[in-house]
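A.B. asks: The structure that follows is given in the form of structure tokens.
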Amino acid sequence: MTSLSEKVFKAGVVGAGGAGFPAHVKANSKVEFVLANGAECEPLIHKDYELMLHFPEEIIRGFNLLIESTSAKKGYFGIKEKNVKVISAISKHLNGKSELTKLGDFYPSGDEFELVYEATGRLIPPAGIPLDIGCVVNNVETLYNTTLSENDIPVTKKFICVAGAVKTPSSFFVPVGTSFKDAINFAGGSKEKEFGVFIGGVMMGKLTFDLDDVITKTTAGLIILPKDHYLIKRKNQPEQNWHRIGKSACDQCSYCTEFCPRYLLGYQIEPHKVMRSLGFTKTGASVWNQMAELCCSCGLCTLYACPEDLYPKEACDKAKVEMKEAGIKFIQRKPVKVHPIKDGRRVPLKQLIMKLKLQKYDVEAPFNPKEIKVESVQIPLLQHIGNPSTPIVKKGEVVKEEQVIAEVVEGILGANVHASIKGKVTNITDKFITIET
Ligand code: SF4
Ligand code: SF4
């Protein structure tokens with residue numbers, strides 16, 4: 001009999017929450033606890049909420065399959081306490097082996113380290129992964145895809161939320177490789193003439209103005225904002241400006257560190273010290289840079305904590321790159337100990353939304369079950385952690401929907417890629433395969 005891990009592998013399931021870790025690896029592990037992550041804390045993104053509301057049975061089926069395949073003794077399903085309708089939909093299907101972990105409406109309650117701690121009371125070792133303490137964590141859409149894989153249905157569709165300055169903020173399925181332009185038009189189109197798109201969210205996502213960019217297996221959603229919005233102005237600065245301003249204006253108040261969720265959990269991450277590396281390039285950068293290693297790039301320090309609108313998160317990103325180049329690996333020697341003030345310093349989502357000037361866009365994004373029609377898709381060969389998949393189709397070939405078009409190189413971490421629409425392969429590069437109807 002084919003194992004769950006093999007089915008998940010064949011179907012090309014990867015973590016849909018953003019990282020894109022190939023899901024078969026988790027399905028093949030042995031752990032004590034399986035955690036479902038339905039926390040969804042990026043402002044304005046509501047797609048996990050809608051998926052849980054409309055497909056609770058499929059999600060719980062995937063959750064139970066994973067509990068079984070990993071021989072876990074218990075499952076924890078993380079959902080925000082405020083999402084009463086979803087709690088009711090999910091609880092109906094939970095069996096005696098699992099329980100709900102009700103989470104507060106804080107950012108970033110969906111961070112793996114936070115969720116594991118809230119549910120199990122365990123702390124992931126510094127620079128470690130949940131597996132190190134007997135846990136696996138899966139986003140709810142990954143669990144949904146796991147259920148489909150049981151019936152040999154591969155990942156060809158992505159559930160996304162399109163919100164912000166669009167006419168109809170909504171959540172819906174799109175074929176993998178759909179352009180942003182098609183997805184935004186399906187949500188009624190932009191309300192703004194000139195706008196930018198945050199891919200995956202405003203806190204952790206990237207900003208783009210390229211509407212030919214495409215939805216991958218890990219895109220949670222698109223947030224459209226007018227070009228003169230505060231967030232676009234902040235993100236759209238050249239990188240050297242972030243660091244030049246930080247170098248002259250940081251007064252070392254350390255608010256960035258005091259609000260850092262990882263610091264409050266007990267990890268040695270201190271962005272205010274990383275900021276020092278901008279000013280002391282020749283004397284202490286390698287020392288200060290190490291205080292960035294355990295940063296999860298949640299963005300809270302830059303977009304919420306810093307009273308001077310500086311860029312400590314970006315300084316941490318830069319520090320991580322420099323450390324890698326220098327071959328320095330920071331090892332936390334102090335034991336991980338939760339800060340006594342942690343609960344009092346959590347950042348309510350409503351407050352974050354106010355600070356980000358997003359109140360007028362903070363609306364529901366209901367599920368639209370209609371099927372989107374697209375004329376072409378551009379399917380990336382790398383939508384996951386690991387190596388790009390290798391095309392196994394040729395230009396000019398006609399492919400069926402769900403047909404494998406690129407495979408994992410044997411023995412290397414990766415995920416299969418399938419045709420998300422039927423049509424003709426019109427282009428193949430080392431980055432993507434284009435299919436036109
Ligand atoms: S909060 Fe801003 S000003 Fe204060 S230490 Fe951090 S980066 Fe510097
Ligand atoms: S982005 Fe800032 S607040 Fe978030 S983990 Fe990194 S240093 Fe901490």
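The values are calculated or read from the model by the stated rules, or taken from the named source; none is laboratory data. Worth saying up front: this structure is predicted, and the values here are computed from it rather than measured. Using ideal geometry, Cβ is built from the backbone for each residue, glycine included, and neighbour counts are taken over all protein chains shown. Protein only, heavy atoms only, side chains kept; ligands, DNA and RNA dropped before computing areas. Shrake-Rupley method; radii C 1.70, N 1.55, O 1.52, S 1.80 Å.
A.B. asks: For residues that are touching a Gly at 6+ places or on another chain (Cβ under 9 Å) and buried (at least 23 other Cβ atoms within 10 Å of the Cβ), scanning just region 115-128, find the one that is farthest from residue 19 (Cα to Cα).
C.D. replies: Result: 119.
A.B. asks: Quick check on my filter: what residues within region 107-140 are of a type in the set (D, E, K, R) and farther than 29 Å from residue 50 by Cα?
C.D. replies: 122, 132
A.B. asks: If only one of 350, 370, 394 is in a loop (DSSP other than H, G, I, E, B), open to solvent by 70 Å² or more (accessible area, probe 1.4 Å) and under 27 Å from residue 188 (Cβ atoms), which one is it?
C.D. replies: Step by step, each of 350, 370, 394 is checked, and only 370 is in a loop (DSSP other than H, G, I, E, B), open to solvent by 70 Å² or more (accessible area, probe 1.4 Å) and under 27 Å from residue 188 (Cβ atoms).
Here's the yes/no breakdown for (1) in contact with a helix residue (DSSP H, G or I) (Cβ under 6 Å, 6 or more places away or on another chain); (2) over 21 Å from residue 19 (Cβ atoms):
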{"site": "314", "(1), (2)": "yes, no"}
{"site": "317", "(1), (2)": "no, no"}
{"site": "326", "(1), (2)": "no, yes"}
{"site": "336", "(1), (2)": "no, yes"}
{"site": "343", "(1), (2)": "no, yes"}
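A.B. asks: Which ones in region 209-225 are open to solvent by less than 20 Å² (accessible area, probe 1.4 Å) and closer than 22 Å to residue 357 by Cα?
C.D. replies: Those that are open to solvent by less than 20 Å² (accessible area, probe 1.4 Å) and closer than 22 Å to residue 357 by Cα: 220, 221, 222, 223, 224, 225.
A.B. asks: Just for region 289-298: of the residues that are on the phi < 0 side of the Ramachandran plot and away from ligand 1 (no atom under 12 Å from the Cβ), which one is surrounded by the fewest Cβ atoms within 10 Å (Cβ to Cβ)?
C.D. replies: Filtering region 289-298 for residues that are on the phi < 0 side of the Ramachandran plot and away from ligand 1 (no atom under 12 Å from the Cβ), the one surrounded by the fewest Cβ atoms within 10 Å (Cβ to Cβ) comes out as 296.
A.B. asks: Give me the pairs, please: first residue somewhere in region 246-274 and of a type in the set (A, V, I, L, M), second residue anywhere and open to solvent by 20 Å² or more (accessible area, probe 1.4 Å) and near ligand 1 (Cβ under 9 Å from one of its atoms), beta-carbon distance under 6 Å, and either six or more positions apart or on two chains.
C.D. replies: Partner pairs satisfying both residue conditions: 249/308.
A.B. asks: Has region 133-142 got any residue that is open to solvent by less than 10 Å² (accessible area, probe 1.4 Å), modelled with pLDDT of 95 or more, hydroxyl-bearing (Ser, Thr, Tyr) and out of contact with any Cys (no Cβ under 8 Å at 6 or more places or on another chain)?
C.D. replies: Checking region 133-142: at least one residue is open to solvent by less than 10 Å² (accessible area, probe 1.4 Å), modelled with pLDDT of 95 or more, hydroxyl-bearing (Ser, Thr, Tyr) and out of contact with any Cys (no Cβ under 8 Å at 6 or more places or on another chain).
A.B. asks: Residue 323 is checked against (1) more than 16 Å from ligand 2 (Cβ to nearest atom); (2) open to solvent by less than 30 Å² (accessible area, probe 1.4 Å); (3) in a helix (DSSP H, G or I) and fails just one. What number does that condition carry?
C.D. replies: (1)
A.B. asks: Also: So, in region 143-166, of the ones that are open to solvent by less than 10 Å² (accessible area, probe 1.4 Å) and in a strand (DSSP E or B), which residue ends up farthest from residue 111 (Cα to Cα)?
C.D. replies: Going through the qualifying residues, I end up with 166.
A.B. asks: Another question, then. Residues that are open to solvent by 20 Å² or more (accessible area, probe 1.4 Å), among the β-branched types (Val, Ile, Thr) and modelled with pLDDT of 95 or more: does region 400-418 have at least one?
C.D. replies: yes
A.B. asks: Let me ask you something else. Within region 326-340, is even one residue within 16 Å of ligand 2 (Cβ to nearest atom), more than 27 Å from residue 80 (Cβ to Cβ), out of contact with any Lys or Arg (no Cβ under 9 Å at 6 or more places or on another chain) and free of Cβ contacts under 8 Å to residues at least 24 places away in the same chain?
C.D. replies: No, the conditions are met nowhere in region 326-340.
A.B. asks: Restricting attention to region 373-391, which residues are open to solvent by 20 Å² or more (accessible area, probe 1.4 Å), touching a residue at least 60 places away in the same chain (Cβ under 8 Å) and in contact with an Asp or Glu (Cβ under 7 Å, 6 or more places away or on another chain)?
C.D. replies: Listed by number, the residues that qualify are 375, 376.
Yes or no, residue by residue, for (1) hydroxyl-bearing (Ser, Thr, Tyr); (2) more than 16 Å from ligand 2 (Cβ to nearest atom); (3) closer than 28 Å to residue 45 by Cβ:
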| residue | (1), (2), (3) |
| --- | --- |
| 203 | no, no, yes |
| 209 | no, yes, yes |
| 268 | no, no, no |
| 274 | no, no, yes |
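A.B. asks: Name the residue that is farthest from residue 125 (Cα to Cα), counting only residues in region 226-281 that are open to solvent by 30 Å² or more (accessible area, probe 1.4 Å) and among the aromatic types (Phe, Trp, Tyr).
C.D. replies: In this case the residue turns out to be 230.
A.B. asks: Continuing with this model, one more query. Those residues that are more than 22 Å from residue 176 (Cα to Cα) and open to solvent by less than 10 Å² (accessible area, probe 1.4 Å), I need them from region 11-29; list them, please.
C.D. replies: Within region 11-29, just 27 meets the criteria.
A.B. asks: Scan 173, 186, 198 and give me the residue that is closer than 20 Å to residue 228 by Cα and out of contact with any His (no Cβ under 8 Å at 6 or more places or on another chain).
C.D. replies: Just a single option satisfies the conditions, and that option is 198.
A.B. asks: What's the number of the condition residue 362 fails, among (1) surrounded by 14 or more Cβ atoms within 10 Å (Cβ to Cβ); (2) farther than 16 Å from residue 230 by Cβ?
C.D. replies: Failed condition: (2).
A.B. asks: Check off (1) free of Cβ contacts under 8 Å to residues at least 40 places away in the same chain; (2) in contact with a helix residue (DSSP H, G or I) (Cβ under 8 Å, 6 or more places away or on another chain); (3) open to solvent by 10 Å² or more (accessible area, probe 1.4 Å) for residue 197 and give me the number that stays unchecked.
C.D. replies: Only one criterion in (1) free of Cβ contacts under 8 Å to residues at least 40 places away in the same chain; (2) in contact with a helix residue (DSSP H, G or I) (Cβ under 8 Å, 6 or more places away or on another chain); (3) open to solvent by 10 Å² or more (accessible area, probe 1.4 Å) is unmet by residue 197, namely (3).
A.B. asks: Residues in region 167-178 that are open to solvent by 20 Å² or more (accessible area, probe 1.4 Å) and either part of a strand (DSSP E or B) or of a type in the set (Ser, Thr, Tyr) (or both): how many?
C.D. replies: Residues in region 167-178 being open to solvent by 20 Å² or more (accessible area, probe 1.4 Å) and either part of a strand (DSSP E or B) or of a type in the set (Ser, Thr, Tyr) (or both): 2 in total.
A.B. asks: Sort out which residues of region 299-312 are aliphatic (A, V, I, L, M) and near ligand 1 (Cβ under 8 Å from one of its atoms), and write them in order of number.
C.D. replies: Within region 299-312, 305, 310 meet the criteria.
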